[in-house]
Amino acid sequence: MRTQVGIVGAGPAGLTLARLLEVAGIESVVIENRDRDYVERRIRAGVLEQGTVELLREAGVAERLDREGIVHHGIHLQFDGERHHVPLSELADGRSITIYGQTEVVKALIAARLASGLPLLFEVDGVSVHDLDTERPRIRFAHEGAQLELECDAIAGCDGFHGVCRPSIPSGVLRSFEREYPFGWLGILAQVAPSIDELVYAHHESGFALLSLRSPELSRYYVQCRPDEDIGEWSDERIWEELQLRTGLAGWTLDEGPILEKGVTGMRSFVAEPMRYGRLYLAGDAAHIVPPTGAKGLNLAVSDVRILAEALVAWYSTGSTTGLDGYSDACLRRIWRAEHFSWWMTSMLHKLGDDPFDAQLQLSQLRYVTSSYAAARSLAENYVGLTTL
Ligand SMILES: Cc1cc2nc3c(=O)[nH]c(=O)nc-3n(C[C@H](O)[C@H](O)[C@H](O)COP(=O)(O)OP(=O)(O)OC[C@H]3O[C@@H](n4cnc5c(N)ncnc54)[C@H](O)[C@@H]3O)c2cc1C
């Protein structure tokens, strides 16, 4: 088999790249080791930056997003028993965020790919990448009992944090930066109308909580927990009790409903650079991870592949390698900004330990971002996505 761009991984990064290349008339083959149902049901991100929405629209896969996505112009920060509104759009030159599940973005991209009759192979096995520093890199894998080899001009490693592409780069090439946090998030999807009009980030002496949503009927709520928390120890009653405690306010009620899904996610910051080795280009979670507090992971994945698609289009149309040569640096500027913002939001809002000094610093910072125009604007422009990087 032969193609122009071989794409490993059908998450948001791989599928968006495939779509952008299709629009530009560049061939690709996408391979994914899970089945379609699994990929479409994996509940993760839910906050899209305006730039992400605009790109999906330009790629012709935002018809349902435009109908069902919920545009928000602000968030709330809650601390010391009070809820403060941060008017994102007012602070960030009219830009907004859209609440729309990653599952729905992925479903639209898969449907578009299959409707175009282009190759997207699910349930592949034993994926390995070869000859990365040559002009003919290859991907080997098994599919439906056959052992296959795909010869490419370039390979996009969009296979997430635990994929095979990043570890296939020879040792000594990559430099990794990493931070693990001593806490995680216990997240629920509940069948109840959200009790909030905009996201609530709550700082509380028992730990952080986040009130988010997926639709007018589905709420997505989180509480800070241990990274190795046993979900079996959290009955639905205990989860609601903890949410009520951490987000409660006089005169406001958190409505409860059946919990459809619950799970624990660890928190990590990670960057591997450069994001290129020979003809292998890493994109999305394959190259970097952020803790979800800043809502940046999916948006970064989309921003990487936008830059990669533009560089590939320039290469195929003019032979220029300038974009490809600058790919890693161009992505990393935005990635490190998002790494800082996500770390900062995480550090400001989570219970870091039992040291009261830490808690006082957090409260001081929270008072500052909710009372100073300059501090609030800085939060807002990072949250909605910087346009200057
Ligand atoms: C609980 C949670 C909440 C989050 N909330 C937000 C949020 O609000 N906003 C936000 O922007 N981001 C959020 N994120 C992060 C976001 O979900 C990820 O950053 C995003 O999924 C990255 O997309 P990706 O395509 O790079 O990687 P992935 O989504 O991980 O996709 C990689 C794909 O590659 C496949 N794969 C892996 N190995 C192989 C292999 N060997 N061969 C073939 N295929 C392979 C995987 O099965 C997967 O389908 C959240 C994440 C979690 C876990």
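The values are calculated or read from the model by the stated rules, or taken from the named source; none is laboratory data. Values in this document were obtained by computation on a predicted structure and should not be read as measured data. Cβ coordinates were reconstructed from backbone atoms using ideal geometry, including for glycine residues, and neighbour counts include every protein chain displayed. Areas reflect the complete protein model, heavy atoms only, side chains present, ligands, DNA and RNA absent. Shrake-Rupley method; radii C 1.70, N 1.55, O 1.52, S 1.80 Å.
Considered as a group, the residues in the range 214-235 that are within 19 Å of Thr247 (Cβ to Cβ), of a type in the set (Ser, Thr, Tyr) and touching a residue at least 12 places away in the same chain (Cβ under 8 Å) include one that is surrounded by the most Cβ atoms within 10 Å (Cβ to Cβ), and that residue is Tyr221.
Tallying residues that are near the ligand (Cβ under 7 Å from one of its atoms) and either under 15 Å from Ser328 (Cα atoms) or open to solvent by less than 80 Å² (accessible area, probe 1.4 Å) (or both) within the range 158-178 yields 6.
Set side by side, the residues Leu48, Leu65, Leu56, Leu77 differ, and just one is surrounded by 18 or more Cβ atoms within 10 Å (Cβ to Cβ), within 16 Å of the ligand (Cβ to nearest atom) and in a strand (DSSP E or B), which is Leu48. Looking at this structure, is Glu273 charged (D, E, K, R) and either out of contact with any Lys or Arg (no Cβ under 8 Å at 6 or more places or on another chain) or modelled with pLDDT under 95 (or both)? No; evaluated as a whole, the condition is false for this residue.
For beta carbons closer than 6 Å, sequence separation of 6+ or different chains, a first residue in the range 336-358 that is touching a residue at least 40 places away in the same chain (Cβ under 8 Å) and outside any loop (DSSP other than H, G, I, E, B) and a second that is open to solvent by less than 50 Å² (accessible area, probe 1.4 Å) and charged (D, E, K, R), the qualifying pairs are Ala338/Lys296; Ser342/Lys296.
Of the residues making up the range 40-55, not a single one is of a type in the set (Ser, Thr, Tyr), under 24 Å from Ser215 (Cα atoms) and free of Cβ contacts under 8 Å to residues at least 12 places away in the same chain.
Any chance you could count how many residues in the range 131-170 are basic (Lys, Arg) and closer than 21 Å to Leu21 by Cα?
2
Summed over the range 27-44, residues that are crowded, with 20+ Cβ neighbours inside 10 Å and part of a loop (DSSP other than H, G, I, E, B) total 2. If you check Gly263, Gly207 for being under 20 Å from the mean Cα position of the chain (by Cα) and either in a strand (DSSP E or B) or in contact (Cβ under 8 Å) with a residue 12 or more places away in the chain (or both), only one passes: Gly263.
Would you point out the residue of the range 300-324, among those that are crowded, with 24+ Cβ neighbours inside 10 Å and over 20 Å from Leu174 (Cα atoms), that is nearest to the chain's Cα centre (by Cα)? Once the filter is applied, the top-ranked residue is Val302.
Summed over the range 325-360, residues that are over 23 Å from the mean Cα position of the chain (by Cα) and aliphatic (A, V, I, L, M) total 2.
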